[in-house]
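The values are calculated or read from the model by the stated rules, or taken from the named source; none is laboratory data. These numbers come from a predicted model, not from an experiment. Reconstructed Cβ throughout: ideal geometry from the backbone, glycine too, with neighbour counts over all protein chains shown. We work out accessible area using only protein heavy atoms, side chains counted, and drop any ligands, DNA or RNA first. Shrake-Rupley method; radii C 1.70, N 1.55, O 1.52, S 1.80 Å.
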4 protein chains.
Amino acid sequence: MDLTKASGVYVIAATPFHDDGRIDLTSTDSMVDFYRACGATGMTILGVMGEAPKLDQEESVSLSKHIIKRAGPSMPVIVGVSAPGFANMRSLARTVMDAGAAGVMIAPPNTLRTDDQIITYYKQAVDAIGDDVPFVIQDFPITFTVVMAPKVIRSIIQELPSCVMLKHEDWPGLEKISTLRGFEADGSMRHVSILCGNGGLFLDFECERGADGAMTGYAFPDMLVDVVKLQQAGKRDAAHDLFDAHLPLVRYEQQPGAGLAVRKYLMKKRGVIASDAQRKPGAGLSAKARAEVDYLFERLARHDIRAKAA
Amino acid sequence: MDLTKASGVYVIAATPFHDDGRIDLTSTDSMVDFYRACGATGMTILGVMGEAPKLDQEESVSLSKHIIKRAGPSMPVIVGVSAPGFANMRSLARTVMDAGAAGVMIAPPNTLRTDDQIITYYKQAVDAIGDDVPFVIQDFPITFTVVMAPKVIRSIIQELPSCVMLKHEDWPGLEKISTLRGFEADGSMRHVSILCGNGGLFLDFECERGADGAMTGYAFPDMLVDVVKLQQAGKRDAAHDLFDAHLPLVRYEQQPGAGLAVRKYLMKKRGVIASDAQRKPGAGLSAKARAEVDYLFERLARHDIRAKAA
Amino acid sequence: MDLTKASGVYVIAATPFHDDGRIDLTSTDSMVDFYRACGATGMTILGVMGEAPKLDQEESVSLSKHIIKRAGPSMPVIVGVSAPGFANMRSLARTVMDAGAAGVMIAPPNTLRTDDQIITYYKQAVDAIGDDVPFVIQDFPITFTVVMAPKVIRSIIQELPSCVMLKHEDWPGLEKISTLRGFEADGSMRHVSILCGNGGLFLDFECERGADGAMTGYAFPDMLVDVVKLQQAGKRDAAHDLFDAHLPLVRYEQQPGAGLAVRKYLMKKRGVIASDAQRKPGAGLSAKARAEVDYLFERLARHDIRAKAA
Amino acid sequence: MDLTKASGVYVIAATPFHDDGRIDLTSTDSMVDFYRACGATGMTILGVMGEAPKLDQEESVSLSKHIIKRAGPSMPVIVGVSAPGFANMRSLARTVMDAGAAGVMIAPPNTLRTDDQIITYYKQAVDAIGDDVPFVIQDFPITFTVVMAPKVIRSIIQELPSCVMLKHEDWPGLEKISTLRGFEADGSMRHVSILCGNGGLFLDFECERGADGAMTGYAFPDMLVDVVKLQQAGKRDAAHDLFDAHLPLVRYEQQPGAGLAVRKYLMKKRGVIASDAQRKPGAGLSAKARAEVDYLFERLARHDIRAKAA
């Protein structure tokens, strides 16, 4: 598994709970199977949208093992190991790698400001987890308040050979992808995979700028997979047609603080998970919001029918 | 002019510059005329997207006067007067009101945290500008980092009779609109107008939740006007059809840090302004970005043609 | 043990490491004995200055147990259980309470803004850890960016009977102590202990405003103990004389980002711990800084001699 | 006037108001005279502690002119021109330079994050105000949330010849001074003056690290002047003795959000200004706080008497 060549969609997996808050392993299995059926290349677990901070250490480990096993060797699993300190980061990283994870994802703590602070942090993280563990940089300024200049990302990639991928969710970010791919072109940076987050809100153009695909958890991963494929096949208009049909819902799901509730509601509606329960703190959907999602879902369905009839 | 009953679209006006950075009054006039022709109810000037901080005090005043005069009595103008201190806020507010502005808009400084700090700030602002000046609360946490609970907004509205409107751009914000309209329904809050920002990204549903329209500067204000009208006429599907056709471009224009360049490029493309120049600091569009906007523009045009043919 | 009546000094304990980063239990024991000999009433462990995030879960638990045992029943131990999520907070809280901890301390996550968000967070935390676990509110806006109005603290105290103490390190904070004690006087709030942090920088006056003592880790806890005693005995001038003699060093140790290195260096110098090593990330002292601390230490020693001679 | 060689104390001037909020020019004059009598080398006006944002543009200009005239050619005046945009920064900078200011001070806006963003900002600022205007970098992360690595400051100094001074108030900051002076020693950076802020809380050691003095507004500028002189004369112990005697009050005055009230109260007490009124928003001192300041003042007076008797 060479993650630097990863392409397609790594779905940010939800964590299915029973209504009473226990982890629902049956739904977890059906979710993994669903992601595979959608054509996902891999999965990313224990991210923010996987409610990672709401699991205790033991649950994090056992859930990771369970998912890695269900996914099997054909579907690589990346595990979020961001932590307030390196000790827990190390112990989780070593444990999940031993269990068969393909790599880990590390977000910068929100105290980092200068270029050198960010680079030093990733060096220390690699010291902690070991340089044999492939890792993904998560670049998500809106949530983490850490802004990584393209040249900072280049430094991390050049100085740390175990860096294999960038999860790109800067905003605006299209120029950043172009700049990074330009670094490759001018020989100043080796190639890593770039998968994009932000709920897929710019996936249509991100692919055109040089991204290899998506790493996000939109409730219709099949759409994400198809958009990436269409773009890679050069079918630009078709990619945008498909993407645009989903955009009203993508946008609705991308609301900070409300998105996960929408996503779980849709996954339940699609029969993927049994309950859309979140652990606290986690806002549910109001009746009005559910009706709005239903409305968007119906409009999407009509579009699909029209599309198939065409 | 009772702004508490304002409805429709108050366009956040751009500030047209010549390529060399001087204010372009000819383009300013054509822009005002364009907004009127689009069906805008009013205008809001000297906002962030109007590059207000890049104008010096004298320019701010003379531009305000020019626009207010061009807009005329049928098109109310709200002027952004947010300032690091109350002295400049007062002097700008008094000056533009004397020149015929319909009201002013005030954003909270990013140091405010507790509920009482926010309420006190607005009280002090009214002490400064005078309680005869109608004012708009700008609730935009993503940019200002100030989070106003619905009950804080209610306190401001109840305690300060000169508050006439909420510019709503919290995110997620649909429930907030419902909560505020619920306060009206239960008699705990008087009515004010709610116009929504965020580039219009949620306008389709905001109208359904009780908003009176939009206050944003999307390059196609005609669409915003029509969506609000369709929703007010109960034509839900038609509103969403129109909105969805624009959503790829709305979304593209809504990128933080890149949006204004897109907007001005489109306004120039539509012939509204002569140059898309911004004053520094202000990022322009790369060739790739321009091509992307052109592509979205063409797709939108094809949709319109299809729509008219249908 | 009724922590609502706690008084004196709860020392924020350091975590002693060997030079190679392993936890040094021998130094831990001598540190506990030292704190006791200094007259400390209790200890607080696994705080920021205890390098809590640099311990993995297993280390946190075993170190807590070790310290609680060494401290014995006469010296209550409060354990910091702040965590990104409630699941880990709960598991750590239950474990240390079973091991004999006197209570836990909870800091608010830096995403909280409105009054109700803060109150809700503490309610959910109590739901998670159980309402049989005495807890301390940590009010430290400079580090956590969460600002708690006095009335918010009152709401938490009134609505959550298991709240026993406020660790007060707002800045400026003297008026806050007066306001909270005023709430007690007017009957709107029950009594809880108020112990002050901020490295002790304002302890002289905090005692006069109604604080019960200090919760901080200054390398001379004996001074903190004596200042509190002198103030409680009404010997104001003597309290200030003693405090002022230490203030140059207190101030030096209170530098954000450098304080822990100073503190550990001084503790090593005083023979309390064997090494002043910190785990990464953690800045050491430059040669110049060490010389500065040595200089302040010598000046302090001269003062003590003069004081004793007088 | 070569500000790169500035040394001693540039007092951050308060802005004296009458009780009703009007600017008090008589007190302004006596304040300028007082600063001169204290031995201040220069003054800095329109800073945060000068309540700059509470003055309107006209007041800022007329007050600047008044103070510059009163100060006369022997006492250089630096004017704070930080503004949300370059247009107002330029107009204020040009106006005060024409009126005889020695230079201007520019703080970075709180949106800057990466190294290059900070450097670019200062380049654009110089483009705006003109490269003939000597400027001071204000490095104050606790207030502005912008962190400037030493190498970023070096880039600004090397690339912008009109940079003449650093107002240093990073925290912790002693190592930063050493690093910057090290850059000079190794030839990678030209010399500029370094004057320190933070209310003087670390002035004793800052001088030893290579700072040229202080730029702060502590109510006893005479002490700051003497500490700098003693340090420059190599009288280390005497410098610390004097500094330590004031430290309890320096520390009290340095409380964020309360400091200006303390400072103005002390200046009024010393007879320098007629009223300690602040414009809104600005917290006054409670009766308890006034009594605390009085107490510290008396203790300081006793120390001075003892010192003179010795």
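Here are the numbers for this structure:
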{"quantity": "Output for the stretch B:172-186, where each listed residue is β-branched (Val, Ile, Thr) and buried (at least 20 other Cβ atoms within 10 Å of the Cβ)", "calculated": "B:Ile177"}
{"quantity": "Test for A:Ala291: is it open to solvent by 50 Å² or more (accessible area, probe 1.4 Å) and outside any helix (DSSP H, G or I)", "calculated": "no"}
{"quantity": "Enumeration of residues in the stretch B:263-282 that are within 14 Å of chain A (Cβ to nearest Cβ) and not in a helix (DSSP H, G or I)", "calculated": "B:Gly282"}
{"quantity": "Test: residue in the stretch B:65-73 that is within 23 Å of B:Pro281 (Cβ to Cβ) and either without any contact (Cβ under 8 Å) to a residue 60 or more places away in the chain or of a type outside the set (Gly, Ala, Ser) (or both)", "calculated": "no"}
{"quantity": "Complete set of residues in the stretch D:69-85 that are open to solvent by 20 Å² or more (accessible area, probe 1.4 Å) and within 11 Å of chain B (Cβ to nearest Cβ)", "calculated": "D:Ser82, D:Ala83, D:Pro84"}
{"quantity": "Cross-chain or 6+ apart pairs with Cβ under 8 Å, the stretch C:153-168 first and farther than 21 Å from C:Ala102 by Cβ, then charged (D, E, K, R) and open to solvent by 30 Å² or more (accessible area, probe 1.4 Å)", "calculated": "C:Gln158/C:Arg190; C:Glu159/C:Lys123"}
{"quantity": "Single match in A:Gly182, A:Gly199 (criterion: within 14 Å of the chain's Cα centre (by Cα) and within 14 Å of another protein chain (Cβ to nearest Cβ))", "calculated": "A:Gly199"}
{"quantity": "Unique residue being within 13 Å of chain D (Cβ to nearest Cβ) and open to solvent by less than 40 Å² (accessible area, probe 1.4 Å) when the list is C:Asp244, C:Asp237", "calculated": "C:Asp244"}
{"quantity": "Residue selected from the stretch A:34-68 under the condition closer than 20 Å to A:Val228 by Cα and open to solvent by 20 Å² or more (accessible area, probe 1.4 Å), by the criterion farthest from the chain's Cα centre (by Cα)", "calculated": "A:Ala37"}
{"quantity": "Scan of the stretch A:148-194 for residues that are closer than 13 Å to A:Glu206 by Cα and among the charged types (D, E, K, R), ordered by number", "calculated": "A:Lys167, A:Glu169, A:Asp170, A:Glu175, A:Lys176, A:Arg181"}
{"quantity": "Set B:Leu260, B:Leu285: member being part of a helix (DSSP H, G or I) and within 12 Å of chain A (Cβ to nearest Cβ)", "calculated": "B:Leu260"}
{"quantity": "Helices (runs of 4 or more DSSP H) fully within the stretch C:103-159 counting 3 or more residues that are open to solvent by 20 Å² or more (accessible area, probe 1.4 Å), more than 9 Å from every other protein chain (Cβ to nearest Cβ) and not hydrophobic (A, V, I, L, M, F, W, C)", "calculated": "C:150-159"}
{"quantity": "Failed item, numbered, when D:Gly199 is tested on (1) at pLDDT 95 or above; (2) open to solvent by less than 30 Å² (accessible area, probe 1.4 Å); (3) at positive phi", "calculated": "(1)"}
{"quantity": "Where a residue in the stretch A:5-31 is touching a residue at least 12 places away in the same chain (Cβ under 8 Å) and its partner, wherever it lies, is polar (S, T, N, Q) and loosely packed, with under 14 Cβ neighbours inside 10 Å, with Cβ under 9 Å and at least six apart", "calculated": "A:Pro16/A:Thr26"}
{"quantity": "Qualifying residue in the stretch C:217-234 (condition: touching a His at 6+ places or on another chain (Cβ under 6 Å), closer than 30 Å to C:Thr26 by Cα and not aromatic (Phe, Trp, Tyr))", "calculated": "yes"}
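Conditions tested, residue by residue: (1) open to solvent by 10 Å² or more (accessible area, probe 1.4 Å); (2) outside any loop (DSSP other than H, G, I, E, B); (3) more than 14 Å from chain B (Cβ to nearest Cβ); (4) touching a Phe, Trp or Tyr at 6+ places or on another chain (Cβ under 9 Å).
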{"site": "A:Ser188", "(1), (2), (3), (4)": "yes, no, yes, no"}
{"site": "A:Leu195", "(1), (2), (3), (4)": "no, yes, yes, yes"}
{"site": "A:Phe205", "(1), (2), (3), (4)": "no, yes, no, yes"}
{"site": "A:Asp222", "(1), (2), (3), (4)": "yes, yes, yes, no"}
{"site": "A:Lys229", "(1), (2), (3), (4)": "yes, yes, yes, no"}
{"site": "A:Val250", "(1), (2), (3), (4)": "no, yes, no, yes"}
